[in-house]
1. Give the residues of the stretch 274-317 that are among the β-branched types (Val, Ile, Thr) and outside any loop (DSSP other than H, G, I, E, B), sorted by residue number.
2. Is it the case, given these coordinates, that Asp50 is of a type outside the set (Phe, Trp, Tyr) and either in contact with a helix residue (DSSP H, G or I) (Cβ under 6 Å, 6 or more places away or on another chain) or exposed (fewer than 14 other Cβ atoms within 10 Å of the Cβ) (or both)?
3. For the stretch 178-189, which positions are surrounded by 24 or more Cβ atoms within 10 Å (Cβ to Cβ), among the aliphatic types (A, V, I, L, M) and part of a loop (DSSP other than H, G, I, E, B)?
4. Quick check on this structure: which one of Lys42, Lys100 is of a type in the set (D, E, K, R), under 21 Å from Tyr269 (Cα atoms), buried (at least 22 other Cβ atoms within 10 Å of the Cβ) and out of contact with any Pro (no Cβ under 7 Å at 6 or more places or on another chain)?
5. Run Phe272 past the list (1) modelled with pLDDT under 95; (2) touching a Phe, Trp or Tyr at 6+ places or on another chain (Cβ under 7 Å); (3) over 30 Å from Lys49 (Cα atoms) and report the number of the one that doesn't hold.
6. Only residues in the stretch 309-330 that are under 17 Å from Gly145 (Cα atoms) count as the first member; pair them with residues that are loosely packed, with under 14 Cβ neighbours inside 10 Å, Cβ under 9 angstrom, at least 6 apart or cross-chain, and list the lot.
7. If I go through the stretch 307-336 residue by residue, how many of them are surrounded by fewer than 16 Cβ atoms within 10 Å (Cβ to Cβ), modelled with pLDDT of 95 or more and of a type in the set (Ser, Thr, Tyr)?
Amino acid sequence: MSLKEITKEHFGKTSDGKDVYVFILRAGGVTVRVLNFGCVVKEILVPDKDGNITDICLGHDTFEGYEDNPAFLGAICGRVANRIDGATFELDGKRYDVSKNDPLGNNLCHGGFVGFTRRCFDWKIDGFKLILTYTDVDGAEGFPGDVDVTVTYELTSDAEFMMDYQATTNKATPIDMANHFMVNLAGHVGSQFSKILSVEGSLFDFRKPVLLGDVLERMPGKDGLHHSHLVQGHDGQKRLVARAEHKNTGRYLEVWSTEPQFVAYSCFYLDFLLKGTPCKAGHVYQKSGGILFMPHKYPNAVNVASFPSVVVRPGETYHASSSYKFGVTRTCDVIS
């Protein structure tokens with residue numbers, strides 16, 4: 001039986017003096033390192049088909065990189081992941097103007113300037129689960145209500161990294177959390193919001209395995225994947241929503257989620273956001289240096305009446321769950 005454990009080490013201090021820890025989760029031959037700052041996924045160490053273990057998660061070596069973190073590397077996004085168009089919405093007859101922090105437009109992006117990404121979470125270890133909690137106060141980033149957030153991480157003996165999100169509020173408010181960790185299965189240094197469209201006959205038809213590199217070359221504008229994909233047959237139960245494989249190493253990643261859609265993002269804007277800042281091991285990440293699969297609810301849902309609501313009210317509990325399963329296969333159909 002493989003080792004399964006959680007340990008912790010001191011990683012740094014925030015600018016206001018709060019302690020930041022790195023928690024090391026080991027199970028199923030995989031090691032995941034996460035922070036209590038922004039619930040950051042810092043490292044994912046997985047073997048390849050020859051047993052060589054490599055970190056596949058894009059990120060920073062030092063805490064200072066995560067305190068800034070313009071590319072949201074590894075971090076939780078909230079209260080609302082993805083975008084709120086125009087950084088404004090109306091709820092129960094009242095207009096709310098939220099933070100306009102999108103570097104690509106006048107929108108709210110991944111929760112705001114601080115959001116949940118740049119917050120220190122309280123923590124506890126319960127068996128093999130890491131439980132991270134935080135209270136977001138009324139008015140934070142312009143959102144109404146105090147929100148109590150719980151994020152639970154667990155790495156199973158089957159090499160499945162599980163993420164569970166829960167939240168309650170004392171005022172009606174939109175909540176839609178997700179994690180923004182990016183991977184490169186070769187190793188971390190290896191090489192609009194209101195319509196639903198059919199993927200039939202398009203570049204975005206990933207219902208059967210395709211060569212991702214070929215797709216990226218054919219994308220209009222050559223800016224790669226940065227699109228939402230609806231989950232067929234969504235019923236709120238956790239199901240397989242995406243899978244990527246890397247031919248040379250044999251590594252694969254499966255994404256399972258309760259959520260109705262996921263964003264596939266090929267990291268085209270990495271160099272623009274990081275502006276040449278060295279990251280892990282001094283490496284400067286380039287555009288399309290990784291891929292992100294981020295399940296959550298519909299982008300900009302708070303502004304689109306035809307989309308399922310993301311508003312949570314007092315007495316209700318927001319709950320979402322996603323997991324990422326790592327493994328090795330001898331025959332690969334999809335290249336990441």
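1. Those that are among the β-branched types (Val, Ile, Thr) and outside any loop (DSSP other than H, G, I, E, B): Ile291, Val302, Val311, Val312.
2. On the way: of a type outside the set (Phe, Trp, Tyr): yes; either in contact with a helix residue (DSSP H, G or I) (Cβ under 6 Å, 6 or more places away or on another chain) or exposed (fewer than 14 other Cβ atoms within 10 Å of the Cβ) (or both): yes.
Yes: the conditions hold for Asp50.
3. Scanning the stretch 178-189 gives Met182, Leu185.
4. Just a single option satisfies the conditions, and that option is Lys42.
5. So the condition that Phe272 fails would be (2).
6. Val311/Asp92
7. Total satisfying the criteria: 2.
Matching residues to (1) touching a strand residue (DSSP E or B) at 6+ places or on another chain (Cβ under 9 Å); (2) within 26 Å of Pro260 (Cβ to Cβ); (3) small (Gly, Ala, Ser):
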residue	(1), (2), (3)
Lys42	yes, no, no
Thr62	yes, no, no
Asp68	no, no, no
Cys77	yes, yes, no
Asn82	yes, yes, no
Ala87	yes, yes, yes
Tyr134	yes, yes, no
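The values are calculated or read from the model by the stated rules, or taken from the named source; none is laboratory data. Keep in mind it's a predicted model, so treat the numbers as computed, not measured. Don't worry about glycine lacking a Cβ; one is built from the backbone with ideal geometry, like all the others, and counts go over all protein chains shown.
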